[in-house]
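One structure below.
The values are calculated or read from the model by the stated rules, or taken from the named source; none is laboratory data. No experiment lies behind these values; they were computed from the predicted model shown. Here the Cβ positions follow ideal geometry from the backbone for every residue, glycine too, while neighbour counts run over all protein chains shown. Remember, those area values only see protein heavy atoms, side chains included, never the ligands or the DNA or RNA. Shrake-Rupley method; radii C 1.70, N 1.55, O 1.52, S 1.80 Å.
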Amino acid sequence: MGETIFVVDDEQAIADLVGLYLENENFTVRKFCCARDALACLETETPDLAVLDVMLPDMDGFALCRTIRETHLFPIIMLTARTEDMDKINGLTLGADDYITKPFNPLELTARVKTQLRRYTRYNAGSREAAEFDFRGLQISKATHKCFLYGEELALTPREFDILWYLCRRKGNVVSSEELFEQVWGERFLDSNNTVMSHIARLREKMREPGRKPKFIKTVWGVGYTIE
């Protein structure tokens, strides 16, 4: 594959283990023991994906994730010993794409890295489709990865942006939860999966959409979601 992965973890044994498994899959791995060194390297090199430990000596992984998201869109996987739901939600809200807790199976981490890279590559592949949409006060641009509603920028996570972008691409069509999940997450949809519903709810909240009669993201009961 040849993609470059940044691994930021102050536990040398963990960084070496992750690096070994990723290198066995032909990834190029850059290992850093602190946030400062990783940010310094980012000034001259952009990875295809980063694995960030939450507990770092100079800056916690959440702050590092937030800093990276100011200028970069590559996938980020948080790696931590914390298991609390709020830590996971915090990381995802700040722009992380996935979250895995220690102790972990290196094969699972490698699989998640591949999944995130496939999704990112698919959504950033060159194409002739529209680069932006602008209707009824909603402006969304794939080039800048920004979204504005009535002139006010929405603070969307990369996943929320991808959901809204896909719905805009399919404007006028009803998109099922299964299709939305498999296109955005790049994984098989399970009937009991409420992930799409919870992300749609957060999107509507950020867009200040009324629950009963939303102006933009509408629910077609028993079918899916649509933007008309």
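Per-residue surface analysis assigns Met55 an accessible area of about 100 Å², computed on protein heavy atoms at 1.4 Å probe radius.
Here the accessible area is traced with a 1.4 Å probe on the protein chains. For the chain, carbon and sulfur cover 49 percent of it. The calculated 222 nm mean residue ellipticity attributable to helices in the chain amounts to -12000 deg cm²/dmol, summing -39500 (n - 2.57) over DSSP H runs of n ≥ 4 and dividing by all residues. Here, the chain yields an orientationally averaged convex hull projection of 13.1 nm² when only Cα atoms define the hull. Averaged per residue, the chain has 52 square angstrom of accessible surface, using a 1.4 angstrom probe with ligands and nucleic acids left out. Using θ = phi - 60° in the Karplus curve 6.51 cos²θ - 1.76 cosθ + 1.60, the 3J(HN,Hα) couplings for region 44-51 round to 10, 9, 10, x, 8, 6, 10, 10 Hz; x is entered for Gly and Pro.
Distance between the 7 Å Cα→Cβ label points at Glu43 and Arg188: 4.7 nm. Evaluated over the chain, the count of Lys pairs having alpha-carbon atoms less than 29 Å apart is 28 (only pairs 8 or more residues apart or interchain).
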